[in-house]
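The values are calculated or read from the model by the stated rules, or taken from the named source; none is laboratory data. Just so it is clear, the structure is predicted and the values come from calculations on it, not from any experiment. Using ideal geometry, Cβ is built from the backbone for each residue, glycine included, and neighbour counts are taken over all protein chains shown. The accessibility values were calculated without ligands, DNA or RNA, using every heavy atom of the protein model including side chains. Shrake-Rupley method; radii C 1.70, N 1.55, O 1.52, S 1.80 Å.
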Amino acid sequence: MQLVNTPHGFGRIEGEWFVPMWTSAAEFYAGVEPTDGDRLASASVRLLAPSPSPQKIVCIGLNYREHVRAAGLPLPGPRT
C-alpha cells in the first residue's frame, strides 16, 4: 500500500485512484482509526510532503563505489 499526503487528506493510492483515509497526516501519525472517503482520480491529486513539519530529514545515498558493490547494485552514471 502506498500512503500519500494531499490537500484532500492522507490516504492510499489504489491503481488509478486516491482514497482519503484521514483528514490530515497528523491524524495518521496520532493513530486515529482510518475511514475510507470518496475516491478521486490519482492524476488529479497534488502530492504534498509525507510529513507536514518534519523534525529532521535524513538522506542516504550510495556515493562510494564500495558501498554500491556491497549493496549489489550497478554503479550510477555521471551526474546530470
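Observations on the model:
- Within region 25-45, one or more residues are open to solvent by 100 Å² or more (accessible area, probe 1.4 Å), of a type in the set (Lys, Arg) and out of contact with any Asp or Glu (no Cβ under 7 Å at 6 or more places or on another chain).
Quick grid of which residues meet (1) at pLDDT below 85; (2) over 14 Å from the mean Cα position of the chain (by Cα); (3) not polar (S, T, N, Q):
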{"site": "HIS8", "(1), (2), (3)": "no, yes, yes"}
{"site": "ARG12", "(1), (2), (3)": "no, no, yes"}
{"site": "GLU16", "(1), (2), (3)": "no, yes, yes"}
{"site": "TYR29", "(1), (2), (3)": "no, no, yes"}
{"site": "VAL32", "(1), (2), (3)": "no, yes, yes"}
{"site": "ASP36", "(1), (2), (3)": "no, yes, yes"}
{"site": "LEU47", "(1), (2), (3)": "no, no, yes"}
{"site": "PRO54", "(1), (2), (3)": "yes, no, yes"}
{"site": "TYR64", "(1), (2), (3)": "yes, yes, yes"}
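- Residue tally, condition surrounded by fewer than 10 Cβ atoms within 10 Å (Cβ to Cβ) and touching a residue at least 24 places away in the same chain (Cβ under 8 Å), over region 46-80: 1
- Qualifying positions in region 56-70 - of a type outside the set (Ser, Thr, Tyr) and more than 27 Å from VAL4 (Cβ to Cβ): ASN63, ARG65, GLU66, HIS67, VAL68, ARG69, ALA70
- Only one of SER42, SER53 that is of a type in the set (Ser, Thr, Tyr) and either in contact with a Cys (Cβ under 8 Å, 6 or more places away or on another chain) or closer than 14 Å to LEU3 by Cα (or both): SER42
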